[in-house]
Amino acid sequence: MATAEQATTALTEILDAGSGRSALDLGWIENVRVAPPRAVIRLSLPSFAQGQRERIAQESRERLLELDGIDDVQIELGSPTQQQGGQSSGGIGQAGHGQVAERQSIPGVKQVIAVSSGKGGVGKSTVAVNLACALAQQGLRVGLLDADIYGPNAPTMLGVADRTPEVQGSGSEQRMSPIESCGVAMVSMGLLIDEDQPVIWRGPMLNGIIRQFLYQVTWGERDVLVVDLPPGTGDAQLSLAQAVPMAGVVTVTTPQQVALQDARRGLAMFCQMSIPVFGVVENMSAFIPPDQPDKRYALFGEGGGQTLADEFDTTLLAQIPMEMPVLAGGDQGRPIVISQPESASAASFQQLATRVQERMGAAV
């Protein structure tokens with residue numbers, strides 16, 4: 001007749017889909033009891049692995065029913081476990097992901113700052129990329145994490161969309177090397193998928209890849225890691241805020257009212273999570289015609305960035321004008337702070353970098 005030891009041995013074949021590790025070793029299957037003709041186990045899956053529950057239960061039932069004298073399997077549901085440590089259980093780009101109980105710093109990275117926006121289309125990624133490049137020009141060792149998993153644009157903006165990062169190891173030991181461009185070390189989902197491939201992931205999978213980008217990338221020694229967040233107040237923002245201690249966040253908006261409404265929600269979220277707000281960047285503040293560099297046209301209104309900053313008792317860090325080279329630089333992989341450092345936009349980005357450095361120093 002089957003024993004508890006035999007049942008445990010049979011269950012070692014049940015694996016986490018992401019990491020390939022045994023569910024027994026992970027503590028997801030526990031309290032194995034055998035009293036023929038019945039076997040009883042308890043499933044205690046962490047929240048990020050709940051999508052695997054039916055499969056794990058079914059595979060466990062099948063293996064236990066193969067044992068001598070077992071014709072009934074009872075599966076109890078225990079309290080969700082919480083995986084400790086800063087690394088997920090899966091490899092880069094995989095769906096088995098962990099959570100951390102406390103915010104954990106990234107080895108070698110001194111400070112983490114986030115660039116956020118309440119809505120899409122306000123130029124957040126343009127600000128994040130140019131801010132990272134400007135900080136590098138000012139002498140900092142800079143990393144850029146493109147956390148906009150559903151719309152990763154940083155590879156195109158830095159001219160490396162055709163490159164693939166080196167990945168070594170497997171599972172929780174897997175490590176990816178960032179791609180270096182324009183003085184910045186960058187990782188992005190856009191480096192791991194085809195150009196036309198959609199990312200159709202639920203929250204736990206999004207949470208996992210962000211943690212992998214934080215903790216399973218060989219960042220080296222970095223003075224600052226700039227994180228380009230997706231727009232809104234969703235899983236990516238929560239994942240970052242709960243995973244790593246952040247020095248502060250920069251919020252990007254445009255002057256018009258609808259952008260301000262969404263930006264307010266984003267700022268309120270970070271305030272509720274006790275993350276310092278460095279200030280507001282008003283992008284597309286005015287259009288500068290290429291043939292009339294002394295003219296400025298407020299196409300989207302005026303004063304919105306300052307209004308938002310005043311409402312949250314923070315600073316208007318910079319007003320970035322609209323110039324044709326900004327758009328061209330993003331498409332051609334040459335950010336304007338590098339391609340046209342004497343332009344009005346580049347000067348505004350350098351001002352932004354200087355003020356962010358000041359606030360980073362205050363956050364130490």
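The values are calculated or read from the model by the stated rules, or taken from the named source; none is laboratory data. Treat the numbers as computed from the prediction; the structure is a model and nothing was measured. Positions of Cβ are generated from backbone atoms using ideal geometry, with glycine treated the same way; all protein chains shown enter the neighbour counts.
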Looking across region 327-356 at residues that are among the aliphatic types (A, V, I, L, M) and within 25 Å of the chain's Cα centre (by Cα), the single one that is farthest from Ala136 (Cα to Cα) is Leu327
Gln272 vs (1) within 25 Å of the chain's Cα centre (by Cα); (2) more than 27 Å from Thr233 (Cα to Cα); (3) surrounded by fewer than 17 Cβ atoms within 10 Å (Cβ to Cβ): all pass except (2)
Counting only residues that are assigned to a strand (DSSP E or B) and of a type in the set (Asp, Glu), region 244-298 contains a total of 1
Taking region 49-68 and keeping only residues that are over 16 Å from Ala17 (Cβ atoms) and in a helix (DSSP H, G or I), one is left with Arg61, Glu62, Arg63, Leu64, Leu65
Picking from Met176, Met205, Met273, the residue that is more than 24 Å from Leu317 (Cα to Cα), among the hydrophobic types (A, V, I, L, M, F, W, C) and modelled with pLDDT under 85 would be Met205
Restricting attention to region 8-23, does a residue exist that is assigned to a helix (DSSP H, G or I) and either within 25 Å of Leu206 (Cβ to Cβ) or in contact with a strand residue (DSSP E or B) (Cβ under 9 Å, 6 or more places away or on another chain) (or both)?
yes
Residues of region 247-259 being more than 23 Å from Val112 (Cα to Cα) and surrounded by 23 or more Cβ atoms within 10 Å (Cβ to Cβ), in sequence order, are Thr254, Pro255, Ala259
Item to complete: Determine, yes or no, whether Pro321 is in contact with a strand residue (DSSP E or B) (Cβ under 9 Å, 6 or more places away or on another chain), outside any helix (DSSP H, G or I) and in the same structural domain as Gly183 (by TED's automatic domain parsing).
Response: yes
Conditions (1) over 17 Å from the mean Cα position of the chain (by Cα); (2) part of a loop (DSSP other than H, G, I, E, B) -> Asp223 fails only (2)
